[in-house]
Amino acid sequence: MFINIFDNIKRPFIWVLRFRNRCGYGVHSPFAFNLITHVIYERAPYYCYKELKSEINQQLVNQPKHWNDNSIKFNRLLFRLVNYLTPNTIVDLGTTSSSSLYLKAGKRDAQVYSMVELDNLPSTIDFLYIHRELSKSEVDNLIALIPSDGICVVKGIYSSRSMRRFWKTMIDDERTGITFDLYSLGIIFFDKTKIKQHYKVNFY
């Protein structure tokens, strides 16, 4: 409860600090600009938003309160990313499953692995969503499964000191390419044909 109150208090300050990093301002890369303007900031009411919200509300009746940790705003962003990138294999690595509904809806024919154990992963991961803390060795093993056109989304990159260190390590890793810092989550691409650059986006 205290964490949520503190989060609401600091939200306007973070928004002001990142005000210049909005709507693709100052972004020269066509790839990055397109992702920011047409995916991250996309406001179109996708066909399945209402259906997904209704399904989650029905399932919440029999779920613990923490099950709804993933807000609709971020779940919809996951949906748009999958819809835009069309990955064939998606791994939702966390402790809740509401996000999986949006990931599956983004590409109906994709293989989606939800709340899967690390020793039972597919041989290739096109889209990896991490919303739990992992060790360095676990991350190294996961990165080895992501192809050059793959993507990794990490939730809570500033939620703790260890997550901040983890995010910094991912940015500096020679295997990663373009990264996007949305404060509440980070997006990592592995395409080394594009110039490596780190973008801050006002999405908080």
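The values are calculated or read from the model by the stated rules, or taken from the named source; none is laboratory data. From a predicted model like this one, the values you see are computed outputs, not experimental measurements. Glycine gets a Cβ as well: all are built from the backbone with ideal geometry, and neighbour counts include every protein chain shown.
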### Query
If you go through the stretch 170-204 one residue at a time, how many are at pLDDT 90 or above, among the polar types (S, T, N, Q) and over 12 Å from the mean Cα position of the chain (by Cα)?
3
### Query
Looking only at helices (runs of 4 or more DSSP H) that fall completely inside the stretch 1-90, which ones have 3 or more residues that are within 20 Å of GLY177 (Cα to Cα) and either at pLDDT below 55 or of a type outside the set (A, V, I, L, M) (or both)?
30-35
### Query
Before we move on, is SER148 out of contact with any Pro (no Cβ under 7 Å at 6 or more places or on another chain), closer than 20 Å to ALA110 by Cβ and in a loop (DSSP other than H, G, I, E, B)?
yes
### Query
Of everything in the stretch 150-204 that's within 21 Å of TYR84 (Cβ to Cβ) and of a type in the set (S, T, N, Q), which residue is surrounded by the most Cβ atoms within 10 Å (Cβ to Cβ)?
THR179
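Table: residues versus (1) surrounded by 14 or more Cβ atoms within 10 Å (Cβ to Cβ); (2) under 17 Å from ILE188 (Cα atoms); (3) of a type outside the set (Asp, Glu); (4) modelled with pLDDT of 95 or more.
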position	(1), (2), (3), (4)
LEU101	yes, no, yes, no
GLY106	yes, no, yes, no
ASP109	no, no, no, yes
LEU118	no, no, yes, no
LEU128	yes, yes, yes, yes
HIS131	yes, yes, yes, no
SER137	no, no, yes, no
ASP140	no, yes, no, no
ILE146	yes, yes, yes, yes
